[in-house]
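We did not get these values from a lab; they are worked out from the coordinates using the rules stated. Note that the structure is a prediction, hence the values are computed from the model and not measured. Backbone-built Cβ (ideal geometry, glycine too); neighbour counts: all protein chains shown.
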Ligand code: GLN
C-alpha cells in the first residue's frame, strides 16, 4: 500500500479501519527516509527502534479494541531544535552535536498522545538562522523538485521530507518565515500560528518573541488537525496564551462575504512576473469562491527586514549565551581558564552565521547603542503591527506572495548575507506582528526547463488561525497545485 500518497487524516483512517497497520506505515516512512531522505539530506538522525516499537504498540491497542487517537500510526518528523526525549536535538550545530534531549516538548507530546509516531530529526539551518538550510553544520538539504536548489530554510529537511512523501506531517519552527518560505519552495502547506497559540516549551529558543512551532503538511485538513491537537495553553510556557485549542472553520469551502486585502507593497514594480501572475490568479480563484478582493496598504513593509534583523539577533545573542561549554554539548578546554574554555568552545562550536548574529545582537543591545538600535526596532515593530491592524479594518485576510522568487540554487546567495536576509521580506512582517499566516501551493514557474513551486501567503488578524486555515482549505479545494508531486516522489 502506497502510504506516502495519503495525508495524515487519510492514513490514520486506513489504519483505524484495518486496511493498513501502524507498523507498515512507519516502516515504509523509515525506508523512504533512508533512501530518498538520505539523497536529499532531509534527516540528521532516525530513531527506527523506538518508532517501530511504538507502532507495534498502537497495532496491539487496535487489535485489543482500544480507542486510537486521530493520528494513530502516522509517522511524523521533528526539527532538530525540538526536544524529544532521547532524540539527538543538536539544532544542526557542532556545539550540540551528540546532545540528547532529556524530556519531550509539550507540542511533540500532544501529537504523540494522539498516536503520532516521531521517526527522526530533520536538517535545518544552525539554530534556525537562515533561509536556505546552508547554515547547517552538517551540510544542506536539497529541494525534491530540483536537487541543485534549496528547499528553503531554516526548516529545510522538514519541508523536503513532506514534499518527497516521506512523512505526511513534519514540525518546523517559524521565526521570520522558516516554515512558510520552505513550504513555498517545496510546493506544500506550511502554517505559522498566532504567537502564543502553541507552547514553546521544548523548542530551543532562537528569538523568543518571534518563535512559533509551525506544522508542514500536504493538505490543509492535516494542518487543521495538528493545530487542534497541538495548540492551547501550557503551564510550562508563560508566553502561551491562556486559551483552549484552536477551533477549525466551517466545513463549507465557500468564502462568501470574506474580504481579501491585496497590499500594494507586496506587489511592487519589478516583482517576478510569474509570482505576480500567481497572486492575481489566486485573487480570481478566491473571488470565484465568493470572496471580495480589495486593495490595502502596509506602508512600513520596507522596514520589516532591518527591524527583524535587530530584534531577532538581539534575542538570539541572549538566548545563545547558555551554550558555554558548562551545561550542554561541546567543551573545548582552550587555555585552561574558565573564560578561555568558554571562548574556545563557542569559537569551535558555532558556525559563521550564528557568530555574526551573536555579534550583531550584542552590539544592538550594548549600552550607548541600545536606544538607537533595539529601542528603535521595537518602535518600528509597533508600526508594522499597526499597519496590519489598519488593513484589517477593511479586509479579513491579507493575500500576497510568500517569497519574491521560486527556490534559488544552493550557493547562489551564500556569499552575501544581505541578499539572503532580503528573501524574508514577505514573511518577516507577520512574524513581527505575531499574526497567523499560511503558505499554500499557488502555482509553478518554469526555470531552465524545471517546474518549481510558487507559494502564496494568507495572513490573518490575531487569533484568527481558524479563518486563515479555512480560506486556505477553500483555495485548495478549487485548485490542484497541492496535489502535484515532484518527479522524485514516485
Ligand atoms: N530566514 C530568517 C532568519 O534567517 C528566518 C528564520 C526563521 O524563521 N527561523 O532569521
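For the range 338-490, which semi-axes, largest first and in whole Å, follow from the square roots of 5 times the eigenvalues of its Cα gyration tensor?
Numbers: eigenvalues 240, 131, 36 Å².
Equivalent ellipsoid of the range 338-490: 35, 26, 13 Å, largest first.
What translational diffusion coefficient, to the nearest whole µm²/s, does the range 104-236 have by Stokes-Einstein, given a Kirkwood radius computed over alpha-carbon pairs, a temperature of 10 °C and 1.306 mPa s viscosity? Taking Rh from Cα pairs, D becomes 110 µm²/s.
Where in the range 185-221 is the amide nitrogen less than 20 Å from a point lying 7 Å along the Cα-to-Cβ axis of residue 243? Zone members listed by number: 190-201, 209-216, 221.
Could you give me D for the range 40-91, from Stokes-Einstein at 37 °C and 0.692 mPa s, where the hydrodynamic radius is the Kirkwood radius over C-alpha pairs? Units µm² s⁻¹, please. Write out the running numbers ahead of the final one.
On the way: Rh = 12.7 Å.
Roughly 258 µm²/s, to the nearest whole number.
Multiplying the residue separation of residue 269 and residue 17 by 0.36 nm and removing their Cα-Cα distance gives an extension gain of 85.4 nm. Based on C-alpha pairs under 8 angstrom that are at least 6 apart in sequence, the chain has a relative contact order of 17 percent.
Going by C-beta contacts inside 10 Å, put 378, 129 in order with the fewest on the left.
Details: 378 15, 129 28.
Ordered from fewest to most neighbouring Cβ atoms within 10 Å, 378, 129 come out as 378, 129.
Eigenvalues of the alpha-carbon gyration tensor of the range 330-398, scaled by 5 and square-rooted, set the equivalent ellipsoid semi-axes at 41, 16, 7 angstrom, largest first. Placing dummy labels 7 Å off each Cα toward the beta-carbon, the span from residue 356 to residue 333 is 3.4 nm.
For the range 1-94, what percent of Cα pairs sit more than 22 Å apart? The answer is 32 percent, as a whole percent.
Quote to one decimal, in nm, the extra length available between residue 321 and residue 383 on full extension: 0.36 nm per residue of separation minus the C-alpha distance between them. Don't skip to the answer; put the middle values down first.
Working: separation 62, 0.36 × 62 = 22.32 nm, distance 2.97 nm.
Roughly 19.3 nm would be gained on extension.
Spatial offset of the range 253-271 relative to the range 345-399 amounts to 26 Å, using the alpha carbon center of each. Computed over the range 259-304, the P(r) curve from all C-alpha pair distances, binned at 5 Å from the origin, holds 5, 21, 25, 24, 18, 6, 1 percent per bin.
Spin-label model, residue 276/residue 451: points 7 Å from Cα along the beta carbon direction are separated by 2.5 nm.
Short-range pairs are left out: with C-alpha atoms under 8 Å and at least six residues apart, the relative contact order of the range 61-203 is 24 percent.
Treating each Cα of the chain as an identical point scatterer and summing with the Debye formula, the log10 of I(q)/I(0) at q = 0.08, 0.09, 0.12 Å⁻¹ comes to -0.43, -0.55, -1.01.
Once the Cβ-Cβ distance between residue 348 and residue 252 is put in as r, and R0 is 45 Å, what FRET efficiency do you end up with, to the nearest 0.05? Write out the running numbers ahead of the final one.
Details: r = 57 Å, r/R0 = 1.26.
Here the calculated transfer efficiency is 0.20.
Just from its helices, what would the mean residue ellipticity at 222 nm be for the chain, if runs of 4 or more DSSP H residues each count -39500 (n - 2.57) and the sum is divided by every residue, rounded to the nearest 500 deg cm²/dmol?
Helices in the chain give a 222 nm mean residue ellipticity of -11000 deg cm²/dmol.
Taking 17 Å as the cut-off, the amide N atoms of the range 188-226 that come nearer than this to a point 7 Å along the Cα-to-beta-carbon line of residue 489 belong to 188-190, 216-223. What's the long-distance tail for the range 273-363, i.e. % of Cα pairs beyond 16 Å? Distances greater than 16 Å cover 70 percent of the Cα pairs. Note on the range 189-249: Cα Rg divided by 2.2 N^0.38 Å, N the number of residues, gives 1.08.
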